Amino acid sequence: MPPPSEGREYNPLDYENLARNCVEELMRRGPWALDEVVARAFEGAGVYALFYAGDFPAYWGERPPEGARPIYVGKAVPSGARKGQASDPGSPLWGRLREHHGSIAAAHSTLRTADFLCRYLAVTPIWITMAERLLIESFQPVWNVCIEGFGNHDPGSGRHRGEVPWWDALHPGRPWAARLRQTRSAADALTRLDQERGRR
């Protein structure tokens, strides 16, 4: 017998269902090699997912065929969107993927850009944040929920008193992260990852 919640009326135009459509469409796109995607600029804002196909031991469970789950998901909103001033979306989606490509390249002692695939979808701005939230809830990507910090930017001059992000502890190489307090080690990050997987 189905649970009582299954008796709720389904509204295909509900915000949650429309955002879910964006997620499903994203996961039908590609995947494409990240190296190739960042080689040529394209316009649009939206959501994206990164997939890992390399041999870093901690991520063996993330690789294809098991790796249908992205290792990281994110969003790219148009410039001025937070203030309601976005008109021309520009190329924030491509720009964000290019930033991530640079972060991976900087961590060359543990990662290779050639081992990453991506899916991306240009989306009307109103759906971007909700689609990203659903992606995180649905897939629980390792770099979003456990080894956090991949999407971080340089905090800027005079603001390097914070802790090094978990991602940079495990994948050192970004110059700005080396200036933060090195309170976390790669071993700490691997322990955290094991504990997170034990809770799933």
(message) With the crude spin-label approximation of a point 7 Å out along Cα→Cβ, what separation in nm comes out for residue 24 versus residue 161?
(response) 5.0 nm
(message) For a quick check of understanding: with a 1.4 angstrom probe and all protein chains in place, what accessible area in square angstrom does residue 112 have, to the nearest ten?
(response) 140 Å²
(message) I'd like the accessible area for residue 117, computed on protein heavy atoms only with a 1.4 Å probe and all protein chains in place. Round to 10 Å², please.
(response) 50 Å²
(request) Classify the range 21-60 as rounded, prolate or oblate from the Cα gyration tensor: take a ≥ b ≥ c as the square roots of its eigenvalues, call it rounded if a/c is under 1.5, otherwise prolate when a/b beats b/c and oblate if not. (result) oblate
(request) Find how much the distance from residue 182 to residue 145 grows on full extension, using 0.36 nm per residue of separation minus their present alpha carbon separation; answer in nm with one decimal. (result) 11.3 nm
(message) For a test of the definition: using alpha carbon positions, the gyration tensor, and the 1.5 limit on a/c, classify the range 85-142 as rounded, prolate or oblate.
(response) oblate
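Can you work out the FRET efficiency for the pair residue 98 and residue 55, with r the C-beta to C-beta distance and R0 = 30 Å, to the nearest 0.05? Intermediate values should be presented prior to the final figure.
Details: r = 24 Å, r/R0 = 0.81.
FRET efficiency, residue 98 to residue 55: 0.80.
Using the Cα gyration tensor of the range 129-200, with a ≥ b ≥ c the square roots of its eigenvalues, what is the shape: rounded (a/c below 1.5), prolate (a/b larger than b/c) or oblate (neither)?
Working: a/c = 2.98, a/b = 1.38, b/c = 2.15.
Verdict is oblate for the range 129-200.
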(request) Rank these residues by their accessible area, most exposed first, probe 1.4 Å: 119, 174, 98, 69. (result) 98, 69, 119, 174
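The values are calculated or read from the model by the stated rules, or taken from the named source; none is laboratory data. Since we're looking at a predicted model, the values are computed, not measured. Reconstructed Cβ throughout: ideal geometry from the backbone, glycine too, with neighbour counts over all protein chains shown. With ligands, DNA and RNA removed, areas are computed over all heavy atoms of the protein, side chains included. Shrake-Rupley method; radii C 1.70, N 1.55, O 1.52, S 1.80 Å.
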